[in-house]
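Visitor: For reference, the structure I am asking about is given below.
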Amino acid sequence: MAKTDRSAVIIVAAGRGLRAGAGGPKQYRTIAGRPVIARALEPFCIHARISTIQPVVNPDDIAMFNGAVQGLRFQSPVPGGATRQASVRAGLEALASDPPDIVLIHDAARAFVTGALISRAIDAAKITGAAIPAVAVTDTIKAVNAAGHIVATPDRATLRIAQTPQAFHFETILEAHRRAARDGRDDFTDDAAIAEWAGLTVATFEGDVANMKLTNPEDFQREEARLAASLGDVRTGTGYDVHAFGDGDHVMLCGVRVPFSRGFLAHSDGDVGLHALVDALLGALADGDIGSHFPPSDPKWKGAASDQFLKYAIERVTQRGGRVAHLDVTMVCEAPKIGPLRDVMRARIAEITGLPVSRISVKATTSERLGFTGRQEGIAAIGSATIRLPWDN
Ligand code: MG
């Protein structure tokens, strides 16, 4: 279906989002640990009927953008313009060399679009050529003058709230945008308005009240609370790992290269701390263990850096719609001394996982010179992970 549909989407993410308060452009802020832009992109990335995804990004934000959308696949972003309208046109022009039949145009600040809404948009555009998702107005709307005095009460039965993704035959909306630019019009706030101005009939289809636009700080707080409440399936997993010392001049512990008189005997880099955390995360997901995902028999993992195993385990949580609440790891050894490196290790795990340092704990203990750790034959690590998943997992 993806091949025959030829539907593209432009994700408009070039705005500055100043009404959302301090903290930079709103599309790069996180809600429940996940950037708004990633939440906005993902439903299109996984939708079988969308063949091309074209983000439009402010050139100043490219580093933030790349950091926020790791793991998602789409076309290289194109730079946005001075207005939303100019940014959309930049996206349309980028698609024009290999034009799709249908184009959806979606604001990155709408982070809760569903696959069903995307399907409705494609279907509506195929039938009508130009269509937008709309929801009924439940409040009475007043028109006021400059003094704030009411001048009219429109019949709310005739009013709709416009949402995105708005959907069009590609060539039609491209031509309307080019005409508007030629005529010096740059003040349209949505693409339906440009289509209307160009004389097209624009249809509406059923929107989604949950597909709200994140505008003010209160919007972020409300959605954060809503998502947190929806992740009620709290789970804990544990992990345990040991590696023996061999020849060498350093060990990798929690992603940090620690100079030492020995090295690890291991297939990968032998990072017991990260391996214990990977098993803890997989345990919380009831999703096998590190050996089943990264078999030691596979030469691909020989000498592998273990940060990729941890990134993978975090991604398994994210793919299930979950989030990691806490990671805790204890290393058992007489040497090297972990204490002075604790915060470096916490920071490194934060960097690997994308979690705040406040959700990561690194501890160490000796075994009072007892057993293999006491005899300094190797290091053991015990990890635990607390994650939150949606109940429907
Ligand atoms: Mg191991």
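The values are calculated or read from the model by the stated rules, or taken from the named source; none is laboratory data. Bear in mind that the values here come from a model prediction, so they are computed numbers and not experimental data. Please note: Cβ atoms are built from the backbone with ideal geometry, for glycine as well, and neighbour counts cover all protein chains shown. Surface areas here come from the heavy atoms of the whole protein model, side chains and all, with no ligands, DNA or RNA. Shrake-Rupley method; radii C 1.70, N 1.55, O 1.52, S 1.80 Å.
Visitor: In nm, what is the difference between 0.36 nm times the number of residues separating ALA136 and GLU334 and their Cα-Cα distance?
Guide: The span from ALA136 to GLU334 would gain 64.6 nm if fully extended.
Visitor: So, with +1 on the Cβ of K and R and -1 on the Cβ of D and E, and no other charges, what is the size of the charge dipole of region 233-389 about its Cα centre, to the nearest 20 debye?
Guide: Numbers: 18 positive and 18 negative charges, 80 e Å.
Here the size comes out at about 380 debye.
Visitor: Right, something else. Just the number, please: carbon plus sulfur as a percent of the accessible area of the chain, 1.4 Å probe, no ligands or DNA/RNA counted.
Guide: 53
Visitor: Would you list the P(r) distribution for region 233-389, with all Cα-Cα distances sorted into 5 Å bins from 0 and each bin expressed as a whole %?
Guide: In order of increasing distance, the bins hold 2, 10, 20, 24, 20, 14, 7, 2, 1 percent.
Visitor: Next question, about the same structure. List every residue whose amide H lies under 5 Å from the amide H of ARG160, counting only residues 5 or more places away in sequence or on a different chain, with H placed 1.01 Å from N in the peptide plane.
Guide: none
Visitor: Also, I was wondering about something else. Kindly write out, for region 73-81 in residue order, the coupling ³J(HN,Hα) from the Karplus curve 6.51 cos²θ - 1.76 cosθ + 1.60 (θ = phi - 60°), rounded to whole Hz, with x marking Gly and Pro.
Guide: For region 73-81, the Karplus-derived couplings read 10, 6, 6, 4, x, 9, x, x, x Hz, x marking Gly and Pro.
Visitor: In addition: Taking every Cα atom in region 3-226, find the radius of gyration and the maximum pairwise distance Dmax, and write them in Å.
Guide: Here Rg and the maximum Cα pair distance are 17.2, 55 Å.
Visitor: Another question about this same structure. How much of the DSSP beta bridge set in region 1-120 is antiparallel, as a percent to the nearest 5?
Guide: DSSP beta bridges in region 1-120 are roughly 10 percent antiparallel.
Visitor: A further question on this structure: Can you give the charge dipole size of region 132-289 about its Cα centre, rounded to the nearest 20 debye, using +1 on the beta carbon of Lys and Arg and -1 on the beta carbon of Asp and Glu?
Guide: Value, rounded to 20: 540 debye.
Visitor: Let me ask something additional. Based on Cβ point charges of +1 for Lys and Arg and -1 for Asp and Glu, what charge dipole magnitude is obtained for the chain about its Cα centre, in debye rounded to the nearest 20?
Guide: 400
Visitor: Roughly how tilted is helix 170-182, in degrees to the nearest 10 and between 0 and 90, from the longest Cα axis of the chain?
Guide: Its long axis makes an angle of about 70 degrees.
Visitor: Sticking with this one: Quick one: compute the contact order of region 3-226, relative version, from alpha carbon pairs under 8 angstrom and 6+ residues apart, as a percent.
Guide: That works out to 24 percent.
Visitor: Direction-averaged shadow area of the convex hull around the Cα atoms of the chain, nm²?
Guide: Projected area, direction-averaged: 24.1 nm².
Visitor: If you don't mind, there's one more thing I want to ask. With both bridge residues required to lie in the chain, what share of the DSSP beta bridges run antiparallel, to the nearest 5%?
Guide: 60
Visitor: Expressed as a rounded percentage, what relative contact order does the chain have, with Cα pairs under 8 Å and six or more residues apart?
Guide: Contact order relative to length: 14 percent.
Visitor: Tell me, in nm to one decimal, what length is gained between ARG257 and ALA244 on full extension, where the rule is 0.36 nm per residue of separation less the Cα-Cα distance?
Guide: Numbers: separation 13, 0.36 × 13 = 4.68 nm, distance 1.65 nm.
Separation in residues times 0.36 nm, less the Cα-Cα distance, equals 3.0 nm.
Visitor: Whole-Hz ³J(HN,Hα) for each residue in region 114-120, computed from phi via Karplus 6.51 cos²θ - 1.76 cosθ + 1.60 with θ = phi - 60°, x for glycine and proline: what do you get?
Guide: Listing the rounded values in order: 9, x, 5, 5, 4, 4, 4 Hz.
Visitor: Shifting gears a bit: With a probe of 1.4 Å, find how much accessible area the chain has per residue, and write the answer as a whole number in Å².
Guide: Counting only protein heavy atoms, the per-residue value for the chain is 47 Å².
Visitor: Within the chain, how many lysine pairs that are 8 or more places apart, or on different chains, have C-alpha atoms less than 23 Å apart?
Guide: Pairs that pass both the separation and distance tests number 7.
Visitor: Let me ask something else. GNM on the chain, C-alpha springs below 10 Å: top fluctuator among PRO35, PRO296, PRO25?
Guide: For the chain, modelled as a Gaussian network with Cα springs under 10 Å, the answer is PRO296.
Visitor: While we're on this one: Calculate the FRET efficiency for ASP98 and GLU206 from the Cβ-Cβ distance with a Förster distance of 35 Å, rounded to the nearest 0.05.
Guide: Calculated transfer efficiency: 0.70.
Visitor: Can you compute the helix-only [θ] at 222 nm over the chain? Use -39500 (n - 2.57) per DSSP H run of at least 4 residues, normalise by all residues, nearest 500 deg cm²/dmol.
Guide: Mean residue ellipticity at 222 nm (helix-derived): -9500 deg cm²/dmol.
Visitor: Another question about this same structure. In whole Hz, with x marking every Gly and Pro, tabulate ³J(HN,Hα) for region 273-283 from phi via Karplus 6.51 cos²θ - 1.76 cosθ + 1.60, θ = phi - 60°.
Guide: x, 5, 5, 5, 5, 4, 5, 5, 5, 5, x
Visitor: I need two numbers for region 179-233: Rg to one decimal and Dmax as a whole number, Cα atoms only, in Å.
Guide: Answer for region 179-233, Rg first and Dmax second: 17.8, 55 Å.
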